[in-house]
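The values are calculated or read from the model by the stated rules, or taken from the named source; none is laboratory data. All values reported here derive from a predicted model rather than from experimental measurement. We place every Cβ from the backbone using ideal geometry, glycine too, and count neighbours over all the protein chains shown. To get the accessible areas, we keep the full protein, side chains included, count just its heavy atoms, and leave off ligands, DNA and RNA. Shrake-Rupley method; radii C 1.70, N 1.55, O 1.52, S 1.80 Å.
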Amino acid sequence: MRPMRRRPRWIEGNRFELLENGDEFFPAVFDAIRAAQREVIIETFILFDDKVGRELRQVLIETARRGVSIDLTVDGYGSPDLSDGYIAGLTESGVRLHVFDPCPKLFGVFRVKLFRRLHRKLVVADGMKAFVGGINYSADHLLDYGPEAKQDYAVQVQGPLVAEIHRLARSALPSGGRWRLHRPPPRSPAGLPPAGDALGLLVVRDNDRHPNDIERHYRAAIRAARREVIIANAYFFPGWRLLNEMRRAARRGVQVKLVVQGKPDMQIVSVAARLLYPDLLADGVSIFEYVRRPLHGKVALVDDEWSTVGSSNLDPLSLSLNLEANVIIRHRGFTDGLRDRMQRLMAEDCRAVEPEPQAPHTAWRVLVSTLTFHVMHRFPRWAQRLPAHRPRVQSLSPADNVDTRQPLDRPR
């Protein structure tokens, strides 16, 4: 029997700042770490040993040497190539480095354990400031990386909602080599003073008590929309229920705008999303392909006061398998700012998708459409039947040798 689910609650008195790309995100995070006096907790899917990863490493080493408690958790699939020297510098300075569900290589070559990954990106400094979003620690999130630099977003949080993010991050720290599945019951956030006038909500997706919370909040917001919905999401292949809410909203006169990748980092992403275009366009959804660089963002807004920023894509992996975290914000000023950035993105860096003449109903087209419908409609149920296990977490220390860290050593 699935444990009873505790629904998240709106918390008032917060201040949110939207951060675009690593050029805004990394300086803010590194400054927060440098200013920390007691504790820093970081979770990330990707940490690379490049100029961004090395700067993060140096900041963490300097902060740990001041006596600040630091826990850094990386995903074993997403962060495969950290060298012995990189790891030793962290652990010898006192940083506790944890690897979520390490991934050994099959025959020394093939990646395994693709599903149920730690995909969320969180930072909490001293329990007073937090960051949530989709930006990993890698140089391809910086504009100077060139044409392949990713377009992405995160949010800096101050105020009582930080207590909820802090509680999630602390409760997930490994115990006995195992990932802790449950968040403790919410407590009053009264210990943190108000920092602004925004309502905030922390919403997570896991494989236990919160298997569909993020998708459920998306659907509810779209269902309540009266004027406008803008969704910008890098990997768009959601379930049928979310698609139906978008189509229904467009049919009742809501301006529904969808921004997806036009220069995908994986070609299958574009192929999958384009299977959905005909039905969406037919119902009045406007689709824009971002063509300046690869899109990696996961943001959305509805009408004047609802918006979300986080790690969750709108695809089967994020909505049905991975561990994800989004914040949902009710604040006119923040939503206006996000809308301005989305409108500029659509106007300057996107290609509008035009409806195409209806293609003949060939046997191949009917087969593809039928398979697409059933995959989208049934995948959440199928996902629950995929092999599941309680994730293992490997905590590294200065005494660890190369064999102990072997799951991290995979070819680039």
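For the reader, a short list of remarks on this structure follows.
Condition check ((1) open to solvent by less than 30 Å² (accessible area, probe 1.4 Å); (2) aliphatic (A, V, I, L, M); (3) under 18 Å from the mean Cα position of the chain (by Cα)) across all residues:
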position	(1), (2), (3)
I11	yes, yes, no
P27	no, no, no
D31	no, no, no
A35	no, yes, no
G53	yes, no, no
Q58	no, no, no
G67	no, no, no
D75	yes, no, yes
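- For the condition within 20 Å of G133 (Cβ to Cβ) and either free of Cβ contacts under 8 Å to residues at least 24 places away in the same chain or not in a loop (DSSP other than H, G, I, E, B) (or both), I231 qualifies.
- Residue list for the stretch 41-88, restricted to those being of a type in the set (A, V, I, L, M, F, W, C) and touching a His at 6+ places or on another chain (Cβ under 6 Å): F45
- Residue in the stretch 256-265 that is in a strand (DSSP E or B), charged (D, E, K, R), modelled with pLDDT of 95 or more and open to solvent by 20 Å² or more (accessible area, probe 1.4 Å) present: yes
- Here I61 fulfils each of the conditions (1) part of a loop (DSSP other than H, G, I, E, B); (2) modelled with pLDDT of 95 or more; (3) over 30 Å from G297 (Cβ atoms) apart from (1).
- Filtered by the rule that a residue be open to solvent by 10 Å² or more (accessible area, probe 1.4 Å) and farther than 14 Å from A352 by Cβ, the stretch 277-298 gives P278, D279, A282, D283, R292, R293, H296.
- Among residues of the stretch 62-75 that are within 26 Å of D101 (Cα to Cα), those with a Cβ under 6 angstrom from a residue that is assigned to a strand (DSSP E or B) and polar (S, T, N, Q), sequence gap 6+ or separate chain, pair up as V74/T44.
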